[in-house]
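A.B. asks: Can you read through this structure? Questions will come right after.
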């Protein structure tokens with residue numbers, strides 16, 4: 001468990017890691033020079049304080065803008081305007097998702113009943129039912145940077161040795177899960193199937209909120225189609241969800257599958273190393289930082305999940321040790337590099353492509 005000012009953050013299905021951050025117990029004094037490990041984690045604790053007023057201002061403005069953009073997508077008299085409003089809605093959905101993500105991490109508005117209601121409604125519309133999302137995302141935080149056993153809450157990563165030993169069916173499945181088309185179709189492949197439908201099928205009693213999300217989402221589409229025709233359903237929900245899901249899926253993929261990332265053994269794994277070596281900082285302009293809710297400061301988020309999204313740039317500016325992270329961006333070159341980083345080569349300690357893996361062991365990879 002990672003303790004932060006009295007809250008607990010659960011990491012299911014892994015050996016618990018303990019560090020008492022709220023009073024500094026069991027944490028050594030900062031050593032001279034650069035801070036690492038728990039010293040650096042402790043340095044982030046003062047930033048894990050939210051202002052409820054600020055949080056509500058950001059949440060209120062974002063959801064008001066989203067409602068307005070969706071109304072424009074539905075009622076604009078000219079389809080190019082509907083398209084413009086639909087794209088804007090998609091980007092605002094990404095920002096709203098980051099706020100939901102922070103709420104689920106208890107980084108913002110954790111004790112607010114109105115926020116609880118708002119984000120539960122949003123979760124149903126956005127196909128991120130809280131039970132399956134929390135379980136899979138906490139597992140992700142507890143295993144990022146590892147070759148974790150089950151593929152749960154993240155895109156899978158094989159080592160080159162595992163790849164060479166895998167059956168053709170296993171390789172095909174792995175390629176499909178990490179393929180760009182799977183990410184582009186994230187609305188269906190990730191949000192409908194992986195996050196919502198599969199947990200429901202595996203455990204209907206526990207994941208009843210997944211059924212509500214599916215029924216609610218389908219009902220919204222049906223109502224829009226009935227009263228506004230195909231155009232209303234398409235521009236108000238189907239298109240923005242498709243764009244937002246694809247973009248959000250890529251952000252998640254790229255921040256843990258990039259050229260200079262490292263995979264850590266279970267013995268070497270710590271929160272500090274997973275954040276600094278296996279999570280990227282995505283270089284974005286100010287506009288994209290706003291739409292993505294600063295999720296590009298991902299190395300800081302993995303170091304301390306309780307820091308509100310709007311304070312992440314402040315943390316990076318204040319702590320020198322966080323200012324030289326491994327990076328990626330939305331440039332075509334970096335996007336291509338992210339998709340080429342397919343397998344972890346244990347001998348060379350770097351990510352390699354399928355072609356490189358085949359060349360390193362001729363005749364064994366396909």
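Here, each number is a calculation from the coordinates, and none is a lab measurement. A quick note: this is a predicted structure, and the numbers were derived from the prediction, not measured. For neighbour counting, all protein chains shown are included, and Cβ atoms are generated from backbone atoms with ideal geometry for every residue, glycine included.
A.B. asks: To the nearest µm²/s, what D does Stokes-Einstein give for region 211-310 at 4 °C and 1.567 mPa s, using the Kirkwood radius over alpha carbon pairs as Rh? It would help to have the intermediate numbers written out before the result.
C.D. replies: Working: Rh = 16.2 Å.
Approximately 80 µm²/s, per Stokes-Einstein.
A.B. asks: If I stretch the segment between residue 179 and residue 223 completely, what's the gain in nm (0.36 nm per residue apart, minus their alpha carbon distance), one decimal? Don't skip to the answer; put the middle values down first.
C.D. replies: Values: separation 44, 0.36 × 44 = 15.84 nm, distance 3.36 nm.
The residue 179-residue 223 span can extend by a further 12.5 nm.
A.B. asks: In whole angstrom, note down how far apart the Cα centers of region 206-222 and region 92-107 are.
C.D. replies: Each part's Cα centre sits 20 Å from the other's.
A.B. asks: Now for a separate question. How far, in nm, would the chain grow between residue 286 and residue 206 when pulled straight, counting 0.36 nm per residue and subtracting the alpha carbon separation?
C.D. replies: On the way: separation 80, 0.36 × 80 = 28.80 nm, distance 4.06 nm.
Length difference between fully extended and current span is 24.7 nm.
A.B. asks: If you don't mind, there's one more thing I want to ask. For the chain, what is the calculated [θ] at 222 nm in deg cm²/dmol (nearest 500), taking -39500 (n - 2.57) for each run of four or more DSSP H residues and dividing by its residue count?
C.D. replies: -16500 deg cm²/dmol
A.B. asks: Which of the peptides 85-95, 317-327 is most tightly packed, and how do the rest follow, going by the mean number of other Cβ atoms within 10 Å of each residue?
C.D. replies: 85-95, 317-327
A.B. asks: Quick one: which of 187-196, 163-172 comes out on top by average Cβ neighbours within 10 Å, and what's the full order, highest first? Write down the numbers at each step before the final one.
C.D. replies: Working: 187-196: 20.2, 163-172: 13.4.
Highest to lowest by the protection proxy: 187-196, 163-172.
A.B. asks: Here is a further query. With a cut-off of 8 Å between alpha carbons and a minimum separation of six or more residues, what is the relative contact order of the chain in percent? Kindly include the intermediate steps, with their values, before the conclusion.
C.D. replies: On the way: 522 pairs, mean separation 78.6, N = 366.
Contact order relative to length: 21 percent.
A.B. asks: I'd like to compare 224-230, 154-160: which one has the highest average count of other Cβ atoms within 10 Å, and what's the full order after that? Before the final figure, lay out the partial values.
C.D. replies: Working: 224-230: 13.3, 154-160: 18.9.
So the peptides 224-230, 154-160, ranked by packing, come out 154-160, 224-230.
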